[in-house]
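Structure record follows, encoded as structure tokens.
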Amino acid sequence: MGLTYRNIDLATAPDAIEALAQLRITVFREWPYLYDGDLEYERSYLRPYAKSRACIIVGAYDGDRLVGAATGTPLEDHADDLVEAAAKLSIPASDIFYCAESVLLADYRGQGAGHKFFDEREDHARRIGRDWSLFCAVERDSNHPLKPDNHRDLGSFWTRRGYQPVKDVFTTLNWKDVDEAAKSDKRLQVWLKRL
Ligand SMILES: CC(C)(COP(=O)(O)OP(=O)(O)OC[C@H]1O[C@@H](n2cnc3c(N)ncnc32)[C@H](O)[C@@H]1OP(=O)(O)O)[C@@H](O)C(=O)NCCC(=O)NCCS
């Protein structure tokens, strides 16, 4: 079960979109995201990554099987809601790299993939001249009925990586939870690190 890592270029390997979309749906179905995934939305979400050289997708593989991935993009290339959140930071969006997500199948956790995903994206961000790295993490009620007893919070990991939650800076995304009848807004905390 040793992992290997390769960057994924969707311009030359468009079929990888399907594996990435499935991976996101599988991992984000779990706590704390609880996302009732939509394959068509996932395909359209990932398509811009095929167009920009400034984006990065790091794949984690067990042999040839994609079991994890992390994505990153210049902040200004991402959704407008994030640019609005960034405007509250007094840092130009063009100085910020957005680490969009890290997903790894549960059986493969604890082998250093989380660190590798940040290392690769932060190095890439520096190479393209970014001074800051930013990501967002969903906020959940600690008494939520779907919270598993064995959940481990990633906050201390992120802090050790040099990230801090930025006071009063949030963004909102809209999706349907696995236990919801319809989509609802979710608040996400913005975390920031100087590279
Ligand atoms: C985020 C994610 C990719 C990290 O993968 P990972 O395999 O846990 O990463 P690592 O092995 O590098 O471990 C990262 C940290 O998690 C903690 N950790 C890892 N395995 C652990 C375990 N079995 N028990 C407790 N803590 C553990 C450690 O604190 C570690 O940090 P440290 O090495 O500084 O001590 C993975 O947890 C995941 O897919 N989570 C679900 C999706 C998610 O929440 N993504 C983040 C927001 S998009």
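What follows is calculated from the coordinates using simple rules that are stated; it is not laboratory data. If you're wondering where the values come from, they're calculated on a predicted model, not measured in any experiment. With ideal geometry, Cβ positions are generated from the backbone for all residues, glycine too; neighbour counts draw on all protein chains shown.
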Ala100 long-range amide H proximity, modeled H, under 5 Å: Thr71, Gly72, Thr73
Rel. contact order, % - alpha carbon contacts under 8 angstrom, at least six apart, the chain: 21 percent
Residue among Val27, Val166, Val67 with the largest mean-square fluctuation in a Gaussian network model of the chain, springs linking Cα atoms under 10 Å: Val166
Pairwise centroid distance, computed over Cα atoms, of the stretch 40-101 with the stretch 132-195, Å: 16 Å
Mean residue ellipticity (222 nm) of the chain, computed from DSSP H runs ≥ 4 via -39,500 (n - 2.57), nearest 500: -7500 deg cm²/dmol
Highest-fluctuation residue, Ala16, Ala60, Ala113 considered, GNM on the chain with Cα pairs under 10 Å: Ala16
Long-range amide H partners of Trp175 with built H, under 5 Å: Ser184, Lys186
Integer Hz, Karplus 6.51/-1.76/1.60 couplings in order for the stretch 62-79, x for Gly and Pro: 9, x, 9, 8, 6, 10, x, 7, 9, 10, x, 7, x, 4, 5, 7, 8, 4
Per-residue HN-Hα couplings for the stretch 30-41 [Karplus 6.51, -1.76, 1.60; θ = phi - 60°; Hz; x = Gly/Pro]: 7, 4, x, 7, 6, 7, 8, x, 10, 4, 5, 4
The stretch 4-194: mean projected area of Cα convex hull, nm²: 10.7 nm²
Hz values of 3J(HN,Hα) by residue in the stretch 49-56 - Karplus curve (6.51, -1.76, 1.60), Gly and Pro given as x: 5, 6, 9, 10, 5, 7, 7, 9
Zone residues, the stretch 75-97, relative to Ser44, backbone N less than 20 Å from point 7 Å out along Cα-to-Cβ: 77-83
Difference of contour (0.36 nm per residue) and Cα-Cα distance, Asp81 to Thr159: 25.7 nm
Separation in nanometres of the label points that stand 7 Å from Cα toward Cβ, at Arg187 and Asp64: 4.7 nm
Given charges at beta-carbon only (K, R positive; D, E negative), |dipole| of the stretch 83-135 in Debye: 40 debye
Descending Cα extents along the principal axes, the stretch 1-51, whole Å: 32, 31, 13
Dipole in debye (nearest 20) - the chain, about Cα centre, beta carbon charges: Lys, Arg +1; Asp, Glu -1: 620 debye
